[in-house]
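Asker: First, the structure itself, so that you have it in front of you.
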Amino acid sequence: MTNKKSKVELSTNAGPSPFRGHRDVEMMNKESKTELSTNAGNSPPLGGDGGGYNQMFQGAKKYLFELAKTMRKNMTPAEELLWMHLRQGVGGLKFRRQHPLKNYIVDFYCHKIKLVIEADGEIHQREEIKAYDKNREQDLIAWGYSIMRFRNEEILEHEEMVLRRIAEIVETLKQNLRTSI
């Protein structure tokens, strides 16, 4: 398969935007855009082979499930707010929170369209965390996941805009899923 990478960018007026990582050891920040990073041709079709257990967790180690459980009990206010909306589903699709994928735990995940949504706090602005997040995001993209990132402040202060952008990307990925079948 060819390795085609594509990015869908949605400009915002919300100031510096999110991007990269996870609250435990992962993080990052970018300019004033929310990006959907994706690898359009280096993975199985969206939704996997029927969505079996191994597909959903990509062989995550047992200790990651325990860590994810702890993280679900200690969500940030921004994660709690976003989860309040995502738990109801978006575009008819189910989301999971603090979900193990291979070597990582992602904040929110929709298996059907392989979408990862990250809520990034201040720690994601530290240089060593940015480097970690960059590698993490490259791994996730190589494994066929699409990634959206939002700063915690962006979620808390511009809730409706964040929800609109998520809904737009969900619809785009659902369309891609329909056309790839």
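The values are calculated or read from the model by the stated rules, or taken from the named source; none is laboratory data. What you see is a predicted model, and the numbers here were worked out from it, not measured in a lab. Because the Cβ atoms are built from the backbone with ideal geometry, glycine has one as well, and the counts that use them run over all protein chains shown.
Asker: Across segment 135-181, which residue is nearest to residue 108 (Cα to Cα) among those that are assigned to a helix (DSSP H, G or I) and of a type in the set (Ser, Thr, Tyr)?
Answerer: It comes out as 172.
Asker: Of the residues 78, 68, 60, only one is of a type in the set (Gly, Ala, Ser) and either at pLDDT 95 or above or under 23 Å from residue 176 (Cα atoms) (or both); which?
Answerer: Numbers: 68 fails: either at pLDDT 95 or above or under 23 Å from residue 176 (Cα atoms) (or both); 60 fails: either at pLDDT 95 or above or under 23 Å from residue 176 (Cα atoms) (or both).
Unique residue meeting the criteria: 78.
Asker: Within segment 121-134, is there a residue that is in a helix (DSSP H, G or I) and in contact with a strand residue (DSSP E or B) (Cβ under 7 Å, 6 or more places away or on another chain)?
Answerer: No, the conditions are met nowhere in segment 121-134.
Asker: I've got another one for you. Among the numbered criteria (1) closer than 17 Å to residue 159 by Cβ; (2) more than 16 Å from the chain's Cα centre (by Cα); (3) surrounded by 16 or more Cβ atoms within 10 Å (Cβ to Cβ), which single criterion is violated by residue 64?
Answerer: Every listed condition holds for residue 64 apart from (1).
Asker: Within segment 78-120, how many residues are assigned to a loop (DSSP other than H, G, I, E, B) and under 19 Å from residue 138 (Cα atoms)?
Answerer: Residues meeting the conditions: 5.
Asker: Specify the residue that is nearest to the chain's Cα centre (by Cα); the eligible residues are those in segment 118-135 that are surrounded by fewer than 23 Cβ atoms within 10 Å (Cβ to Cβ) and charged (D, E, K, R).
Answerer: 134
Asker: Any residue at all in segment 62-77 that's assigned to a strand (DSSP E or B), of a type outside the set (A, V, I, L, M, F, W, C) and in contact with a helix residue (DSSP H, G or I) (Cβ under 8 Å, 6 or more places away or on another chain)?
Answerer: No, the conditions are met nowhere in segment 62-77.
Asker: I've got another one for you. Which of the following residues is closer than 26 Å to residue 62 by Cα, in contact with a Leu (Cβ under 6 Å, 6 or more places away or on another chain), surrounded by 15 or more Cβ atoms within 10 Å (Cβ to Cβ) and in contact (Cβ under 8 Å) with a residue 60 or more places away in the chain: 155, 113?
Answerer: One residue alone meets the criteria, 113.
Asker: Looking at (1) farther than 20 Å from residue 169 by Cβ; (2) modelled with pLDDT of 95 or more; (3) among the aromatic types (Phe, Trp, Tyr), which is the only condition residue 95 fails?
Answerer: With (1) farther than 20 Å from residue 169 by Cβ; (2) modelled with pLDDT of 95 or more; (3) among the aromatic types (Phe, Trp, Tyr) applied to residue 95, the lone miss is (1).
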